[in-house]
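Visitor: Got a structure here, written out as structure tokens. Questions coming.
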Ligand code: NDP
């Protein structure tokens, strides 16, 4: 049997990029997978199809991470639909970059709502539903660990906040056998950060390996943490960044 047989996962922002790779990988490993998306319904339907082709149940739920009620409803809905929740992956995120003078208060509110408040609310809602063996995994960024170029004030602030959340969740939920960890991707080829984008050569050069990673690289580490291999890992920040932050 697959290592996540009988488990249920919820991945935020699963219609594209890293979230899609995570959702499909967890299904390959045996989990039934619910995932949220904001607007790309057709893309979400394709991901659900990929999961179902693997013989697992899928649920694509439109839920804007900026809307706390929608975030809570996605957690509750997953439990109603699939009967339990074992793995929460906080992946949905916004990358707003630029000089600090150009960041508006609206940008600050929007990015903190999606990148920080949503993972907080989802973890809070999920913690109430999870039992022994539960896993809360958040997607941070290598920019929370190393500021290698200017323009990341808001983004790095939002991703660094997840360290505090993850460590506290580890302490509070550890006695119940639930782990919480943070994965920090380096430059990963997605719509948000395409490997043929303008700043891609600069980003690639800042890694030790000199190249972009793939969404599947992040999914592999998330799958490890979600499975038996993650049993004794909690409160950790794990770089999957090609050696960007070294
Ligand atoms: P993409 O922009 O390629 O994909 C974003 C996904 O999240 C889509 O499924 C999108 O849904 C969904 N999403 C975006 N905003 C919301 C929202 N408000 N509510 C619900 N869903 C939303 O991003 P990546 O895959 O590149 O990034 C995933 C995570 O990894 C983010 O947290 C990002 O900060 C982080 N990261 C990425 C890096 C990279 O180089 N790519 C590096 C470091 C961290 P829809 O299809 O409906 O728009």
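Visitor: Checking the condition surrounded by 15 or more Cβ atoms within 10 Å (Cβ to Cβ) and more than 23 Å from residue 22 (Cβ to Cβ), which residue from 103, 136, 121 passes?
Guide: Result: 103 is the single residue among 103, 136, 121 that is surrounded by 15 or more Cβ atoms within 10 Å (Cβ to Cβ) and more than 23 Å from residue 22 (Cβ to Cβ).
Visitor: Could we say that residue 34 is farther than 13 Å from residue 218 by Cβ, part of a helix (DSSP H, G or I) and at pLDDT 95 or above here?
Guide: On the way: farther than 13 Å from residue 218 by Cβ: yes; part of a helix (DSSP H, G or I): no; at pLDDT 95 or above: yes.
For residue 34, the condition - farther than 13 Å from residue 218 by Cβ, part of a helix (DSSP H, G or I) and at pLDDT 95 or above - is not met.
Visitor: Exactly one of these conditions fails for residue 27: (1) in contact (Cβ under 8 Å) with a residue 60 or more places away in the chain; (2) in contact with a helix residue (DSSP H, G or I) (Cβ under 7 Å, 6 or more places away or on another chain); (3) more than 13 Å from the ligand (Cβ to nearest atom). Give me its number.
Guide: (1)
The values are calculated or read from the model by the stated rules, or taken from the named source; none is laboratory data. This is a predicted model, so every value here is computed, not measured. Backbone-built Cβ (ideal geometry, glycine too); neighbour counts: all protein chains shown.
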